[in-house]
Amino acid sequence: MSNFISNAFMMPNDLIDKGYMAKMKGAALPCYLFIVRKTRGWNKSNDNISISQLVEGTGYKKDAVLGGVEQLITMGIVEKISFQNRPSKYILTDNIIAVGNTDSDNSAVGNTDTAVDISDSNLSEIPTHKNNIKTTNTKTNVISDSKAKFSFVEALKKLGANDQLINDWLAVRKTKKASNNQTSFSRFESQLSKANLDINTVLRICIERDWKGFDASWLANVNLSEYQEQTQQTIPEQPATQFKGVAKKFKGMDQ
């Protein structure tokens, strides 16, 4: 019989299996654990966390904590929204459990050895082998190129979004200073899948309710029938096709 601790919070297997933990140098891993505890540990996807809380919870100094958080953001597994008069909001993007093909050059992780070399390079540590330096540079360039080519608008269009709804929602996001990066889109796509709704219905809800983002759980207080009726296209009735008959007279018919 297992001694399961009922008040424990779970971590994704890919944290270890796919090499994420190997990439989290210094304060990055403790910061990630603390953020997961404050969010998913309370059945939330995000929470406002101050730097002083991270310092106290991880045991690292302020500069180390700031560096650790920045590394998590760079890896794309945490999103941070800053405010002037209150603690920043940290959002788990779930990219840590959506890795894809780990053998691909475009993978967020790649193989474990290469992943470690990339992080070492970013931290200005000198690799022990020249071959590792070449591999690190190649991987880093590929990741940078893929990020540069990402388009938030085109990604929404590929899901079938209406051009006007895209423009209206981007206006809402711009007003609220939301980032239109791949991390934000990945989170939106994940929540869209959970909602099991047409993307244009979701965009219309976000626009009318002034939401810069979307979470499937927010639909609990939304009357979906109002929005789903709007998405139904009225098909005009087509007039019945009329065929003109051709009267043919044959010799002998009038006799």
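The values are calculated or read from the model by the stated rules, or taken from the named source; none is laboratory data. Because the structure is a prediction, the values reported are computed rather than measured. Quick reminder, even Gly has a Cβ in these numbers, built from the backbone with ideal geometry, and neighbours come from all protein chains shown.
Mind listing whichever residues of the range 22-60 are charged (D, E, K, R) and either crowded, with 20+ Cβ neighbours inside 10 Å or under 23 Å from residue 215 (Cβ atoms) (or both)? Outline the logic, then answer.
The first filter runs over the range 22-60 and keeps only residues charged (D, E, K, R), leaving 23, 25, 37-38, 40, 44, 47, 56.
Once the filter is applied, which keeps residues that are charged (D, E, K, R) and either crowded, with 20+ Cβ neighbours inside 10 Å or under 23 Å from residue 215 (Cβ atoms) (or both), the range 22-60 yields 23, 37, 38, 40, 44, 47.
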The one condition residue 109 fails out of (1) at pLDDT 90 or above; (2) assigned to a loop (DSSP other than H, G, I, E, B) is (1)
Picked from the range 154-208 (must be closer than 20 Å to residue 76 by Cα and of a type in the set (Lys, Arg)), the residue modelled with the lowest pLDDT is 177
Scanning the range 195-204 residue by residue, those within 14 Å of residue 222 (Cβ to Cβ) and assigned to a helix (DSSP H, G or I) turn out to be 195, 201, 202, 203, 204
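Considering only residues that are assigned to a loop (DSSP other than H, G, I, E, B) and more than 17 Å from residue 91 (Cα to Cα), which ones fall in the range 50-69?
Narrowing the range 50-69 to residues assigned to a loop (DSSP other than H, G, I, E, B): 50, 59-61.
Listed by number, the residues that qualify are 59, 60, 61.
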Residue hits (the range 37-85; within 16 Å of residue 24 (Cα to Cα), free of Cβ contacts under 8 Å to residues at least 40 places away in the same chain and of a type in the set (S, T, N, Q)) are 58
